[in-house]
Amino acid sequence: MDHPVASPKRSSAAGGWGALKSCGKHLLGSRAPLSGARAMLKANQPDGFDCPGCAWGDPAHGSSFEFCENGVKAVSWEATDKRTPPKFFAKHTVSELRGWTDYALEGEGRLTHPMRYDATSDRYVPTTWPEAFAAIGAALNALDQPDRAEFYTSGRASNEAAYLYQLFARHYGTNNFPDCSNMCHEASGIALQAAIGIGKGTVLLEDFEKADAIFVVGQNPGTNHPRMLGDLRKAAQRGTRVVVFNPVRERGLERFADPQNTVEMLRGASAPVASHYYQPRLGGDMAAFRGIAKAVFAADDAALDAGKPSVLDRAFLTHHTAGLDAYRAVVDATTWEAIEDQSGLSRADIEVAAQVYLGADKVICTWAMGVTQHRHSVATVRELANVLFLRGHVGRPGTGLCPVRGHSNVQGDRTVGINEKPSAALLDALETTFGFTAPRRHGHNVIGAIGAMLDGSSKAFIGLGGNFARATPDTALVAKALASCELTVHIATKLNHSHLVPGRVAYLLPCLGRTEIDRNARGKTQIVTVEDSMSMVHGSGGINKPASKELLSEIAIIAGMAAATVGSERVDWASLTEDYDRIRDLIERTIPGFAGYNVRVRRPRGFMLRNLAAERNFETETGLANFSADVLPETTEHQRASTTPGTFVLQTFRSHDQYNTTIYGLDDRYRGVYGERRVVFAHPDDLAEIRARMGDRVDIVGNHDDGVTRVAESFRLVPFDMPRGSLAGYYPELNVLVPLSTFGEGSDTPTSKSVLVHLRAPAAA
Ligand code: SF4
């Protein structure tokens, strides 16, 4: 029964009227449209608050509307009028709430009171802050050693909250800092540290106005960094080539209608974004860029043979890099056959991309999870850097490496000490400044923390924001890990699934949101600071009335727990809560680059944290930018899948109505999905091959043979433009299929973009 497989109706361009309609819908949905709209006028403004969405930068001279559709969703979701008060918990047991969807849980609205889990009634019951802090302090001090506690950080935490958190945990005696970046850009940090001597990108927002080619790899900015579309579109309109490598044909990378462009909106028009769109196989980016390097070296050989100048930046290579010869050798040893097989792209296509690269004087390369959530992601990021080194595209205006971070302050958290492998310099500075002995043993990242909770060596989990149980792989195992703890504490704005797997003693502590006014006891409004993907540190001050008078700031909650656990002899936690300038003074004393912090952060748009690599001063072992010489992975998941009929490679990603594990709605209009999330995208020919049709339901079954059965039940098939043999669907629902034991070499990042699975008829049918 071969039927033409219909494709879903998608919006013709990203942005546009669809974005405005969606903004209206979410503002109304928050039941506080006026305060929501008022708040948006202060989003990403010098005298306003930093959008709690992604980490895209703010222009030096921004407009009054410096926000995108997903920024409106993030703010409306936080500034909602809906509440989850104690009487809600009195009505529902924790076991019952575990059956709710992520969307339904957070949809109940803002938490209003500190809550304690009562195992007898299986409910959360109201408590007081002093009681909660005392009990948490007692439980932590009851552990026989500090390394039995895990301190998790979500990238939404401000610099001040993150700094105080690391100070608390290190004063307590551990470096166990599982952190949301372990699941996203860890591979970028590790690769860039080795290649250029700093784990951050070298690009400023202004560089996008100067580049003449921008390579966008494994990234879907239309949904995950929407304001980036404005910068890409402007670049494309001035003739910059935007070269995309993404397995999935994403609308935002094809066309964008700028909602702030009145003429375009009235004409219902849009502008192209990508000049070149390549759809490599999942995990095929390293091979694709290896191919670009091969073509570039071939062009150089041809030029030199013809007596023409080298096409490489010989001056940069000679004076600023190390390892070129070893890299050239491994490129020469890599066959085009291997490159085509792993990338899934033809030599001809790759050579066209190489021509764009060769024709450009200033090149930027941006990337995200499509690059960082594979086994060989560290090597892939090194390959992106290698290619840019060849023509000196680092440390010059309009050039550079740009990992685009997901969470608004995930980069800042790492900068101020959230790191399970802290530098000796940081620990020395803490010891000198505070007089306690800092723990020197490296701690746990996310994978390490889950393992330790599962084997019982860790007994306590503290969550500073986030939704650990849903953001991590192997959902069933992680729930077991959390529930096995003596103590679980979650600092949150809304109810989520992580709160519903309580430890023996469990607390749910509601905090102020980024959009809310944070006043100290003397009535002074406090600002916090964040660092975006471009290393710009800027202030953020809320403007909305807090959702409840019971709420405390993340900083006050951390200080309360710390004082109850380690005392205030060495750190006066209360005074730091009283005035965040004092926390910034401590950051200035113990973390490099923050001189004059309190003055500089009050300048419009804040300040840039110095990035020596952007000045071609590479603090690497060689003192130079280091080429890597990694061979291509022996096999990729696609190659493994091709040996077993019926096996697919699955990637998890976000819908357009989602931000990390926060589900704002059930639509994904750029992909033509409305009102549901249990969908799986596949190539139309793969559907035809398995005699399936659009809309048929399937179970997705994990192929990982570690004795754990992993099944995601009853997902609707949706045909989509993507490589044969690959599937895609949303997390957190599909995280149940991602094995805890498959993670990136060197990064320990779960391989959420390349999971081996097969399909079967739904068990329930
Ligand atoms: S691009 Fe990111 S930071 Fe900017 S408004 Fe949108 S979600 Fe917020």
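Where a number appears in this text, it was derived from the coordinates with a stated rule and is not lab data. What you are looking at is a predicted structure, and each value in this text was computed from that prediction instead of being measured. With ideal geometry, Cβ positions are generated from the backbone for all residues, glycine too; neighbour counts draw on all protein chains shown.
Results, tabulated for the structure shown:
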{"quantity": "Helix-only CD estimate at 222 nm, as mean residue ellipticity for the chain, using -39500 (n - 2.57) per DSSP H run (n ≥ 4)", "calculated": "-10000 deg cm²/dmol"}
{"quantity": "Long-range amide H partners of Tyr659 with built H, under 5 Å", "calculated": "Tyr664"}
{"quantity": "Net lengthening on full extension, Arg602/Arg760 (0.36 nm per residue, minus Cα-Cα)", "calculated": "51.1 nm"}
{"quantity": "Fully extended contour minus Cα-Cα distance, from Gln237 to Ala329, at 0.36 nm per residue", "calculated": "29.2 nm"}
{"quantity": "Helix 347-359 axis, angle to the chain major axis (alpha carbon atoms, nearest 10°)", "calculated": "80 degrees"}
{"quantity": "Between helix 554-566 and the chain: long-axis angle, C-alpha atoms, 0 to 90°, nearest 10", "calculated": "60 degrees"}
{"quantity": "Pairwise FRET efficiency - Ala315 versus Glu676, Cβ, R0 = 56 Å, nearest 0.05", "calculated": "0.50"}
{"quantity": "Inter-label distance for Asp579 and Val631, nm, one decimal - labels placed 7 Å from Cα along Cα-to-Cβ", "calculated": "6.2 nm"}
{"quantity": "Label-point separation, Asp81 to Ala425 (7 Å along Cα→Cβ), nm", "calculated": "5.2 nm"}
{"quantity": "Sequence ranges 633-641, 275-283, ranked by mean other-Cβ count within 10 angstrom, highest first", "calculated": "275-283, 633-641"}
{"quantity": "Exceeding the 28 Å Cα-Cα cut-off - candidates Lys494/Lys545; Lys42/Lys362; Lys210/Lys753; Lys21/Lys87; Lys234/Lys545", "calculated": "Lys42/Lys362; Lys210/Lys753; Lys21/Lys87; Lys234/Lys545"}
{"quantity": "Centre separation in Å (Cα based) which lies between the stretch 730-765 and the stretch 442-459", "calculated": "20 Å"}
{"quantity": "Gap separating the Cα centres of the stretch 589-647 and the stretch 190-216, nearest whole Å", "calculated": "8 Å"}
{"quantity": "Under the Karplus curve 6.51 cos²θ - 1.76 cosθ + 1.60, θ = phi - 60°, whole-Hz ³J(HN,Hα) for the stretch 144-149, x wherever Gly or Pro sits", "calculated": "6, 7, x, 6, 8, 10"}
{"quantity": "The chain - percent relative contact order, Cα under 8 Å, separation 6 or more", "calculated": "21 percent"}
{"quantity": "Highest-first arrangement of 749-759, 714-724, where packing means the average Cβ count within 10 Å", "calculated": "749-759, 714-724"}
{"quantity": "Point-to-point label distance, Lys524-Asp301, nm (Cα→Cβ direction, 7 Å offset)", "calculated": "6.7 nm"}
{"quantity": "Relative packing of peptides 389-399, 251-261, 463-473, 321-331 - highest average C-beta neighbours within 10 Å first", "calculated": "463-473, 389-399, 251-261, 321-331"}
{"quantity": "Alpha-carbon centroids, the stretch 494-541 and the stretch 65-91: separation in whole Å", "calculated": "14 Å"}
